[in-house]
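Single-structure report; data block below.
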Amino acid sequence: MPARMALVMALLVAAPCARAADLPPAPRTLVTDQAGVLSGAVREQIEQRLAAHEVGSGQQVLLWIGRGTGNAAVEDWVARVFAAWRVGRAGLDDGVVIFGFVDDRKLRIEVGYGLESRLPDVTASRILREVMVPRVRVGDWDGAARTGVDAVLKVLAGGAGPATEQGRDRLELSWWQIALAAAAALLFLILLITHPSLAVQLLFTIAAGGLPGNRRSGGMGGGGFRGGGGRSGGGGATASW
Amino acid sequence: MKKLLWIVAGVGVLAGIVLTGTYNQMVTLGESVGAQWAQVENVYQRRADLVPNLVETVKGAAKFEQATFTGVAEARARVGQISAEGLAKVVQDPAAFERFQRAQDGLSTALSRLMAVVEKYPDLKATEGFRDLQAQLEGTENRITVERMRFNEEARKFNTRRRSFPTVVFMGFLGDRFAEKAYFQAEVAARTAPKVVF
């Protein structure tokens, strides 16, 4: 009997994981419109705005418009998608995604843990209800997307976070990283004395390629999206029309 | 004879290494479950903090629904009692876990009744204050769903590891320290969700 119960429990718990395969892959751009409701110009314009916001604040804000979430509840689906895309920076969890589901007639703003105090549920709900829904209702997706993104960015700009990932990284050198760097420098000096040509060659290789660990997290500056490891806990709001 | 001694010593050392690795892994997994439990507690606390404000707002417009208000107040009091018992050990003790879940589900039911009552008062529903509270409540309920789901995932990882070989062999020696974790069940109310008729 306990074994059977355990099996039932395991199935119950495992069921949500089986659905993970249905989730859309992480987008490559900050703005995604699978339903084809945005005009090209507006999509480009919002992409630029969001990219500029990411460069300035480090926060990742995405707009994603799709047809629907299938059988899954919107909130549940969105929480899984956010976790899979890893929106926002690791540790800071400063990502926001504005979702639109054309067939389900639903909008949702999902807020990363780190921005819950900056963009509380009430604010997210008001942006949806007062700014986006009235425009979507009359078919003006361009207007809804533009004003919705503007409203979210305006709220997020209300306070200053750490500017960029690198600024943060620099402060976090621990003692062993310093020790490692010192050891590397010492080895290099020894190499310089014993095999000068080899040492110079090594220096050029490093300078040209950059050390793998020091690369920027990609997608910054020129638009585009790459998940930074941020998480959300179901904060935000949903609205329908 | 000496060779046998070496073999025994070798097996002993190997068992020691495996045991240490297993133990540390169980500690790590147990910590993850504990951390996720803290998240669950946070979101439930967030809901409990929201209740007085919500009740006050509804009370202002719907004076004659005393039974519903009493129901919410009682359910919240039960949640408070469970919290006072000490939440830290709830993860360790399946019976306490069950009590915790029952109390929280009771509050869920009472709150959904309260929100159903509001349907009768369109004036209240239209006020900005109520809409904000509704947004907060919805957000909080959603957080609860998410954190409960994540707790179940962490507990499943822990239990799977605990039941698999060779971990299960060592678990006998360690006693209750790594007892199996309980899961959150789907709410009874959620299984028989009332249809909202427009």
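Here, each number is a calculation from the coordinates, and none is a lab measurement. Bear in mind that the values here come from a model prediction, so they are computed numbers and not experimental data. Please note: Cβ atoms are built from the backbone with ideal geometry, for glycine as well, and neighbour counts cover all protein chains shown.
In terms of surrounding Cβ atoms within a 10 Å radius of their Cβ, B:164, A:232 rank from fewest to most as B:164, A:232.
Suppose R0 equals 45 Å. What FRET efficiency, 1/(1 + (r/R0)^6) with r the Cβ-Cβ distance, do residue B:128 and residue B:92 give to the nearest 0.05?
Numbers: r = 45 Å, r/R0 = 0.99.
After rounding, the FRET efficiency stands at 0.50.
Residues whose amide H comes within less than 5 Å of that of residue A:61, counting only those at least five positions distant or on another chain, are A:96 (H built at 1.01 Å from N in the peptide plane). Across the stretch B:133-150, coupling constants 3J(HN,Hα) worked out from phi with the 6.51/-1.76/1.60 Karplus curve, θ = phi - 60°, read 5, 4, 4, 5, 5, 4, x, 5, 4, 5, 4, 4, 4, 5, 5, 5, 4, 5 Hz, and Gly and Pro carry x.
Using R₀ = 35 Å, calculate the FRET efficiency as 1/(1 + (r/R₀)^6) where r is the Cβ-Cβ separation of residue B:20 and residue A:200; round to 0.05. Could the numbers behind the result be given before it?
Working: r = 47 Å, r/R0 = 1.33.
In this case the efficiency is close to 0.15.
For the stretch A:24-122, the residue among A:112, A:92, A:68 whose Cα projects farthest onto the positive side of the dipole built from Cβ charges is A:68. How far is helix B:66-84 tilted off the main Cα axis of chain B, in degrees rounded to 10, range 0 to 90? The angle comes out near 20 degrees.
If you average the alpha carbon positions of the stretch A:35-101 and of the stretch B:103-130, how far apart do those two centres end up, in angstrom? Answer, in whole Å: 31.
Taking label points 7 Å from Cα along the Cα-to-Cβ direction, residue A:48 and residue A:183 give a separation of 4.9 nm.
Put in order of Cβ neighbour count within 10 Å, fewest first, the listed residues A:32, B:127, B:109 become B:127, B:109, A:32. The ranking of A:146, A:108 from fewest to most other beta carbons within 10 Å of each one's beta carbon is A:146, A:108.
A simple spin-label model places pseudo-atoms 7 Å from Cα toward Cβ; at residue A:105 and residue B:83 they are separated by 3.9 nm. Note on chain B: Lys pairs 8 or more places apart or on different chains, Cα atoms under 14 Å apart, count 5. Extension gain for residue A:84-residue A:154 works out to 22.6 nm (0.36 nm per residue, less the C-alpha to C-alpha distance).
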